[in-house]
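To start, the structure under review is shown below, and the notes come after it.
The values are calculated or read from the model by the stated rules, or taken from the named source; none is laboratory data. Since this is a predicted model, take the numbers as computed values, not measurements. Please note: Cβ atoms are built from the backbone with ideal geometry, for glycine as well, and neighbour counts cover all protein chains shown.
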Amino acid sequence: MADEWQEAYEFAVEVARKAGMVKIDKEMKVLTKSSTVDLVTKTDERVEKIIIEQLPCTESTEKGCELTDAPTWIIDPVDGTTNFVHGFPFVAVSIAFAVKKELEFGVVYSCLEDKMYRARNGKGAFCNDEPISVSDVKDITKSIIISEHGTDRTPAKVEKIFSTMQKILCIPVHGLRGSGTAATNMCLVATGAVEAFFEIGIHCWDVAAGAVIVREAGGIVLDVSGGPFDLMSRRMLSANHEDIAKRIIKEIEVFEVPRDDGVKHLQQPSSF
Ligand SMILES: O=P(O)(O)O[C@H]1[C@H](O)[C@@H](O)[C@H](O)[C@H](O)[C@@H]1O
Ligand SMILES: [Mg+2]
């Protein structure tokens with residue numbers, strides 16, 4: 001059989017590039033989503049419309065995500081909306097495609113850097129058409145780790161996030177970073193610029209494309225407990241190597257977040 005999804009993959013790259021032609025506009029209309037610091041702009045809506053109109057066979061679901069066996073696009077039109085609003089220069093368009101609940105390919109266009117990341121199952125990961133691969137550092141004390149504090153400012157959760165970051169910083173690691181976009185953070189793992197990125201509270205559309213890119217670059221994508229990655233769980237750890245992942249998992253203070261698919265929290269068995 002011909003390569004069934006190759007055309008869709010190539011098309012997604014072109015759509016991401018067109019969608020990424022967004023401009024930082026100081027007059028942009030800023031709205032909020034789940035909290036006063038969870039921002040969305042009219043540009044997010046405009047870019048989403050551009051993408052949905054161009055991708056074949058799309059039915060848009062406004063809220064909630066249910067992954068079925070049907071071929072499914074998982075899109076974040078502007079990942080890093082807060083950056084976008086402030087002119088902080090990391091903003092990405094993220095487009096992933098899943099078939100039978102398995103991610104088939106992912107495209108992340110970091111538009112202000114003009115970096116097009118893409119990967120397809122079994123076909124490698126690329127940035128601007130150059131193959132990319134994760135770092136070979138296995139010693140956590142020689143690593144840079146990314147985490148984000150997200151948009152939930154419930155004091156108990158913020159405390160856990162910062163306590164985790166403090167423990168990781170004091171291992172010690174070379175540094176802690178965060179670009180403000182999960183999609184870009186995962187591409188930084190995939191290129192070897194950092195060894196790992198983890199976050200609790202991200203959504204499926206933030207990490208679906210990045211997950212394929214990290215895996216195809218030779219990395220791993222897991223649940224923050226060490227169990228298998230569950231796209232709907234809003235918990236994700238991506239790393240260059242199992243040794244780095246294991247060491248980080250020891251320090252992560254996990255907290256509950258409602259899943260994207262509304263299913264009650266599932267216990268993730270650790271594979272370590
Ligand atoms: O809402 P957008 O699409 O900009 O994305 C989110 C980022 O991707 C997270 O890493 C980040 O931590 C924030 O939660 C941010 O909201
Ligand atoms: Mg996002």
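Tell me which residues, restricted to the range 168-206, are out of contact with any helix residue (DSSP H, G or I) (no Cβ under 6 Å at 6 or more places or on another chain), near ligand 1 (Cβ under 10 Å from one of its atoms) and of a type in the set (Gly, Ala, Ser). Matches in the range 168-206: 178, 201. Scanning the range 92-120 for residues that are surrounded by fewer than 19 Cβ atoms within 10 Å (Cβ to Cβ) and under 13 Å from the mean Cα position of the chain (by Cα) yields a total of 0. For residue 196, indicate whether it is aliphatic (A, V, I, L, M) and closer than 24 Å to residue 16 by Cα. Answer is no for this residue. Here residue 151 meets each of (1) among the β-branched types (Val, Ile, Thr); (2) part of a loop (DSSP other than H, G, I, E, B); (3) under 23 Å from residue 12 (Cβ atoms) with one exception, condition (3). For the range 161-175, a residue qualifies if it is surrounded by fewer than 16 Cβ atoms within 10 Å (Cβ to Cβ), touching a residue at least 24 places away in the same chain (Cβ under 8 Å) and within 22 Å of the chain's Cα centre (by Cα), and exactly one does: 175.
Determine whether residue 260 is farther than 18 Å from residue 146 by Cα and touching a Phe, Trp or Tyr at 6+ places or on another chain (Cβ under 9 Å). Show your work before the answer.
On the way: farther than 18 Å from residue 146 by Cα: yes; touching a Phe, Trp or Tyr at 6+ places or on another chain (Cβ under 9 Å): yes.
Yes, satisfied.
Taking the range 42-122 as the region of interest, the strands (runs of 3 or more DSSP E) fully inside it that hold 3 or more residues being farther than 19 Å from residue 215 by Cβ are 72-79. Residues that are in contact with a Phe, Trp or Tyr (Cβ under 9 Å, 6 or more places away or on another chain) and among the basic types (Lys, Arg) do not occur anywhere in the range 213-226. Is it true that some residue in the range 130-147 is over 16 Å from residue 194 (Cα atoms) and assigned to a loop (DSSP other than H, G, I, E, B)? Scanning the range 130-147 turns up no residue that is over 16 Å from residue 194 (Cα atoms) and assigned to a loop (DSSP other than H, G, I, E, B). Just checking, does the range 151-160 include any residue being at pLDDT 95 or above, touching a strand residue (DSSP E or B) at 6+ places or on another chain (Cβ under 8 Å) and either buried (at least 21 other Cβ atoms within 10 Å of the Cβ) or hydrophobic (A, V, I, L, M, F, W, C) (or both)? Scanning the range 151-160 turns up no residue that is at pLDDT 95 or above, touching a strand residue (DSSP E or B) at 6+ places or on another chain (Cβ under 8 Å) and either buried (at least 21 other Cβ atoms within 10 Å of the Cβ) or hydrophobic (A, V, I, L, M, F, W, C) (or both).
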